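Please read the structure below before turning to the comments.
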Amino acid sequence: MKKFIYLISPKKIDKNFYNSLKKVLSSNKVAYFQLRLKKQKNKELIQVSKKIIKITKFYNVKFIINDYHNLVKRVGADGCHLGQSDGNILKIRKRLKNKVIGVTCHSSKRLAKEAIANGATYLAFGSFYKSKLKPSAKKTSAKILLWAKKKLQLPVVAIGGIDNKNYKNLIKQGANYIALSSFIWDNPKLKPDKAIKVFV
């Protein structure tokens with residue numbers, strides 16, 4: 001089965017998280033796991049990363065750190081994800097050599113082409129729906145996915161407000177991966193291990 005989920009961490013990591021992560025990754029649907037913690041000290045990020053890496057390695061999932069590209073080599077992560085204000089991709093690519101670098105392109109063809117020229121490994125487009133993680137994010141049309149599938153040679157992640165009712169359309173339009181966070185970790189009806197099962 002092809003792994004098609006790009007899983008983003010909850011906003012806070014508590015002691016129950018690691019066990020939940022094991023259960024979710026055992027579904028064999030997750031290709032990438034991104035640690036997205038804002039305003040954390042490096043020391044805390046390193047501690048959390050080292051625990052997560054043991055789990056992602058066991059389930060053969062790529063471990064990606066959001067923003068903190070300086071920690072990728074220190075913790076042995078597979079790569080980093082960069083927003084448009086997270087540093088010079090070209091310089092980061094030179095330093096990280098063959099590591100994974102994902103780049104947020106919003107709904108911009110220009111940013112996508114620039115990211116490819118600078119050495120990105122995958123591109124993220126969105127937000128396609130209203131997102132709890134980024135409530136102020138601009139809405140993106142699914143047409144960008146069709147364009148990317150035809151014109152670009154890189155894998156594409158669709159991001160923003162994705163749930164069990166709207167994900168199939170994004171895959172049909174050309175997304176290689178769908179990013180999930182709130183639906184898995186903050187679902188009022190389903191625990192994480194059950195929430196992942198509704199995506200097929």
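The values are calculated or read from the model by the stated rules, or taken from the named source; none is laboratory data. Fair warning: this is a prediction, and the values are worked out from it, not measured in the lab. Cβ atoms come from the backbone with ideal geometry, glycine included; neighbour counts cover every protein chain shown. We work out accessible area using only protein heavy atoms, side chains counted, and drop any ligands, DNA or RNA first. Shrake-Rupley method; radii C 1.70, N 1.55, O 1.52, S 1.80 Å.
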Mean separation of Cα contacts under 8 Å (at least 6 apart) over the residue count of the chain, i.e. the relative contact order in percent, is 18 percent
Quick calc: nm separation of the 7 Å Cα→Cβ label points for K143 and R95 -> 3.8 nm
Determine the per residue accessible area of the chain with all protein chains present and a 1.4 angstrom probe, expressed in square angstrom.
-> 54 Å²
Return the carbon/sulfur percentage of the accessible area of the chain, one whole number, probe 1.4 Å, all protein chains in place.
-> 53 percent
Backbone HN-Hα couplings from phi across the range 54-60 [Karplus 6.51/-1.76/1.60, Hz, Gly and Pro as x] | 4, 6, 5, 4, 4, 9, 6
Where a Cα-Cα gap under 16 Å defines reach, which lysines qualify for K130, not counting those fewer than 8 residues away within the same chain?
-> K138, K139, K165
Order of 86-94, 190-198 by packing, highest average Cβ count within 10 Å first?
-> 190-198, 86-94
Between beta-carbons, use under 11 Å as the cut-off and find the net charge around G87, counting Lys and Arg +1, Asp and Glu -1.
-> +1
